[in-house]
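All remarks here apply to the structure that follows.
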Amino acid sequence: MLFSYLSHRRTCRDKQRERAERIASLKPIYHEPLTSQDKEILSRSVSSLVAAVQTSSLSPSDILVAYSKKALQAHAQTNCLTEVMIASAENWASTANRSGPLAGVPVSLKDLVSVKGWDSSMGYSALVGKPMAADGALVRLLRDAGAVPYVKTNVPMTMLSLESTNDVFGSTDNPHKKGYTSGGSSAGEAVLLALGAARLAIGTDVAGSVRAPAHFSGVYSIKSSMYRFLKQGSASSIPGQEGVPATHSPMTRTLEDLETFWRAVFQMKPWNYDYSVLRIPWRDVKLPEDRPIRWGVLWDDGVVRPSPACARALKTVTAILEKNGHEVVTLKCPSPYEGLQIASQLLLADGGKTASKNHHAFESNDAGMTSAFRGLRLPYFVIKLYAWYYRYIRRDPIYAGLIDTHYEKTIAEFYALIARREDYRSRWFKVWRDAEVEGRQGDEGVDFILTVPNSLPAVPHGGMRHGWKACGYTFLFNLLDYSAGVMPITHVDATADALPRTFRARNAIERNYYRMYDASAMEGLPIGVQIVGRRLEEERVLEGMKLIERLLREAGAGYIGLPL
């Protein structure tokens, strides 16, 4: 046991030293202040950068220098980088495809994305020093498109938390407020985007892992449906887990860049790189013009109600939609709480064994996952007794219902959960076609679902001790495999978003999560909204996001972009 601990600590020190040495050994130009040319490059959209490279007015190497400088500055501020590939990226930039749809554009990668010769340790010390044998499908496509991978970024060990911390690389700070999380598990990607150190980034999402960082850090993303975006060849903390679909998804600094990125990837025909990608080209979608667009709003998931700050962002969007003639209705749908129950059981059906198999003795874990895995190791009768206590003594059926099923499943129980998931999905399918809204029957259903990405803005470090149970607003749409986007709307306002004195928590999850809500301390943190479409409707979700952004800009309302 002692040997294992010492080996773990030595591995972490060596990896952090390696990262520091890679940064220190870079050419002097990367450590110099940003020049006027660097700043001009950083201000350009992706489409502008691509056009400049294709016409030879900019070189991929010049673009790499600007973004690498900014990435090193962002890392010094937030501790967001894992693998610093800049020295190798110099060669990749010099040979980049200058006629591709992403010609010369640097792309940041979540740590699990496989790049030949580089670790994808995901914060597990046991996986340090085990470089990937080949580029994953996504990296091969990006290179052929002319893009230049240059850094990989931090994640939580297990990839199952909305906060990114691990012993190997440490904790990643929020780009807007030190001491707060930037989200998880794609935290480092969101940080680089928010600080202008990347335009294009790749994350993954199994319970909100691109959408929560986008919300907490103030950037854009669309979680893809299963089999729409490339993923083969990447590392995983739970290989083989498909009870809740986990997908790779783009993240960007602006909505314009998000559309450019999606279109560029599909221009490259991703199904030729990854056998699992459906052969569905990018479609030009137009929203209905002959009738009002109907937006179904999920105001409350029944577990943790949106904080005043997050509710205000959602109401800002619904108000601007109604003002412009759109139909906003309260969504009538199957219980989101039931979805949380199903999803949480499916994700850890193996009792957390797969996510823990590379976990060294004494290796610290995220506070939330430490609690989750500890619970999974309890004897069955203790779990049942604990659930009974919350249900009948504390009168808390919500928390009791989650505790009651928090144990390793048999194969028969797993099959039953899959059947329950499919029945739940079929009931949600009717929401789109036969939705009952505001007491009347509508045969056309809803066009979009609107809700918050999370009940709270970014929380202080360590907040996922309780916050991991409060991810229902994103986790739900992983279970349903819907396309879902997040975009920034406004910031926390200490006065407008103060918690009313009349607030009373409805259950233990809500009570513990709201202990971290402090509008004064959180002032200035970004707040987003979530726009949800049906399965495989990424194009339509993008159009919904574009509509909302346009209306907010025309009204002079909202918070669009990050002038950092």
### Message
Can you list residue pairs whose Cβ atoms sit under 7 Å apart, with the first residue in region 509-528 being open to solvent by 10 Å² or more (accessible area, probe 1.4 Å) and the second being in a strand (DSSP E or B)? Count only pairs 6 or more apart in sequence or on different chains.
### Response
MET516/PRO460; GLY524/HIS491
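Which ones in region 235-252 are assigned to a loop (DSSP other than H, G, I, E, B) and either in contact with a strand residue (DSSP E or B) (Cβ under 7 Å, 6 or more places away or on another chain) or under 23 Å from GLY339 (Cα atoms) (or both)?
Filtering region 235-252 down to residues assigned to a loop (DSSP other than H, G, I, E, B) leaves 235-246.
Once the filter is applied, which keeps residues that are assigned to a loop (DSSP other than H, G, I, E, B) and either in contact with a strand residue (DSSP E or B) (Cβ under 7 Å, 6 or more places away or on another chain) or under 23 Å from GLY339 (Cα atoms) (or both), region 235-252 yields SER237, ILE238, PRO239, GLY240, GLN241, GLU242, GLY243, VAL244, PRO245, ALA246.
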### Query
Out of all the residues in region 552-560, is one or more of a type in the set (Gly, Ala, Ser), farther than 22 Å from ASP173 by Cα, assigned to a helix (DSSP H, G or I) and open to solvent by 10 Å² or more (accessible area, probe 1.4 Å)?
yes
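If a residue must be over 27 Å from VAL46 (Cα atoms) and within 14 Å of the chain's Cα centre (by Cα), how many such residues does region 230-255 contain? It would help to see each step written out before you state the result.
Taking region 230-255 as the starting set, the residues that turn out to be over 27 Å from VAL46 (Cα atoms) are 235-245.
Narrowing the set further to residues that are within 14 Å of the chain's Cα centre (by Cα) leaves 245.
The total comes to 1.
Looking at SER43, SER48 in this structure, which one is under 18 Å from LEU258 (Cα atoms), surrounded by fewer than 12 Cβ atoms within 10 Å (Cβ to Cβ) and out of contact with any helix residue (DSSP H, G or I) (no Cβ under 7 Å at 6 or more places or on another chain)? If you could, list the steps in order and put the result at the bottom.
Details: SER48 fails: surrounded by fewer than 12 Cβ atoms within 10 Å (Cβ to Cβ).
The unique qualifying residue is SER43.
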### Query
Can you name the number of the only condition in (1) in contact with a strand residue (DSSP E or B) (Cβ under 8 Å, 6 or more places away or on another chain); (2) open to solvent by 10 Å² or more (accessible area, probe 1.4 Å) that THR78 fails?
(2)
### Message
Please determine whether any residue of region 407-414 is more than 23 Å from the chain's Cα centre (by Cα), among the charged types (D, E, K, R) and modelled with pLDDT under 95.
### Response
no
### Query
What is the residue count in region 257-288 for residues that are part of a helix (DSSP H, G or I) and without any contact (Cβ under 8 Å) to a residue 12 or more places away in the chain?
2
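With the structure loaded, tell me whether SER99 is open to solvent by 10 Å² or more (accessible area, probe 1.4 Å), of a type in the set (Ser, Thr, Tyr) and either outside any strand (DSSP E or B) or within 20 Å of ALA71 (Cα to Cα) (or both) or whether it fails that test.
Working: open to solvent by 10 Å² or more (accessible area, probe 1.4 Å): yes; of a type in the set (Ser, Thr, Tyr): yes; either outside any strand (DSSP E or B) or within 20 Å of ALA71 (Cα to Cα) (or both): yes.
Yes; evaluated as a whole, the condition is true for this residue.
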### Query
Within region 381-411, can you find the residues that are closer than 17 Å to SER344 by Cα and open to solvent by 70 Å² or more (accessible area, probe 1.4 Å)?
PRO397, GLU408, THR410, ILE411
#### Entry: Qualifying residue in region 98-111 (condition: within 27 Å of LEU347 (Cα to Cα), modelled with pLDDT of 95 or more, in contact with a Pro (Cβ under 6 Å, 6 or more places away or on another chain) and aliphatic (A, V, I, L, M))
yes
### Query
For PHE503, are the conditions met, namely being free of Cβ contacts under 8 Å to residues at least 60 places away in the same chain and of a type in the set (Phe, Trp, Tyr)?
yes
### Task
Test SER209 against the stated conditions and say whether it is touching a Leu at 6+ places or on another chain (Cβ under 7 Å), at pLDDT 95 or above and not in a strand (DSSP E or B).
no
### Message
Looking at region 456-508 only, could you name the residues that are of a type in the set (Asp, Glu) and either modelled with pLDDT under 95 or open to solvent by 10 Å² or more (accessible area, probe 1.4 Å) (or both)?
### Response
ASP493
#### Entry: Test result for VAL105, closer than 17 Å to ALA264 by Cβ, touching a strand residue (DSSP E or B) at 6+ places or on another chain (Cβ under 8 Å) and touching a residue at least 24 places away in the same chain (Cβ under 8 Å)
yes
### Query
Would region 187-200 turn up any residue that is within 9 Å of the chain's Cα centre (by Cα), at pLDDT 95 or above and open to solvent by 10 Å² or more (accessible area, probe 1.4 Å)?
no
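Residues are listed down the side, and each one gets a yes or a no for (1) assigned to a helix (DSSP H, G or I); (2) within 24 Å of GLN530 (Cα to Cα); (3) of a type in the set (S, T, N, Q); (4) open to solvent by 30 Å² or more (accessible area, probe 1.4 Å):
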site: ALA313; (1), (2), (3), (4): yes, yes, no, no
site: ALA319; (1), (2), (3), (4): yes, yes, no, yes
site: PRO334; (1), (2), (3), (4): no, yes, no, no
site: HIS359; (1), (2), (3), (4): no, no, no, yes
site: GLU363; (1), (2), (3), (4): no, no, no, no
### Message
Among the residues of region 289-311, are any open to solvent by less than 10 Å² (accessible area, probe 1.4 Å), among the aromatic types (Phe, Trp, Tyr) and in a loop (DSSP other than H, G, I, E, B)?
### Response
no
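Here's the yes/no breakdown for (1) under 23 Å from LEU258 (Cβ atoms); (2) in contact (Cβ under 8 Å) with a residue 12 or more places away in the chain; (3) not small (Gly, Ala, Ser):
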residue	(1), (2), (3)
LEU6	no, no, yes
THR11	no, yes, yes
ASP14	no, yes, yes
ALA20	no, no, no
LEU34	no, yes, yes
PRO60	yes, yes, yes
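Just to be sure before I move on: is TYR30 assigned to a helix (DSSP H, G or I), among the hydroxyl-bearing types (Ser, Thr, Tyr) and open to solvent by less than 30 Å² (accessible area, probe 1.4 Å) in the structure I sent? Steps first, answer last, please.
Working: assigned to a helix (DSSP H, G or I): yes; among the hydroxyl-bearing types (Ser, Thr, Tyr): yes; open to solvent by less than 30 Å² (accessible area, probe 1.4 Å): yes.
Answer is yes for this residue.
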### Task
State which residue pairs qualify: first residue over 15 Å from THR260 (Cα atoms) and inside region 191-204, second residue open to solvent by 10 Å² or more (accessible area, probe 1.4 Å) and hydroxyl-bearing (Ser, Thr, Tyr) in any location, beta carbons under 8 Å apart, and separation of 6 or more residues or different chains.
THR204/SER234
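Per-residue answers, yes or no, for (1) over 17 Å from MET268 (Cβ atoms); (2) open to solvent by less than 10 Å² (accessible area, probe 1.4 Å); (3) in contact with a Cys (Cβ under 9 Å, 6 or more places away or on another chain):
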site: TRP118; (1), (2), (3): yes, no, no
site: MET122; (1), (2), (3): yes, yes, no
site: PRO131; (1), (2), (3): yes, no, no
site: ALA134; (1), (2), (3): yes, no, no
site: ALA137; (1), (2), (3): no, yes, no
site: THR153; (1), (2), (3): yes, yes, yes
site: THR158; (1), (2), (3): yes, yes, no
site: SER164; (1), (2), (3): yes, yes, yes
site: THR172; (1), (2), (3): yes, yes, yes
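Go through region 366-414 and tell me which helices (runs of 4 or more DSSP H), entirely inside it, have 3 or more residues that are of a type in the set (S, T, N, Q). Don't jump to the end; show me each part of the working.
On the way: elements: 367-376, 380-388, 397-403.
Output list is empty.
The values are calculated or read from the model by the stated rules, or taken from the named source; none is laboratory data. What you see is a predicted model; the values in this text were computed from it and never measured. Heads up, the Cβs are rebuilt from the backbone with ideal geometry, glycines too, and the neighbour counts pull from every protein chain shown. We work out accessible area using only protein heavy atoms, side chains counted, and drop any ligands, DNA or RNA first. Shrake-Rupley method; radii C 1.70, N 1.55, O 1.52, S 1.80 Å.
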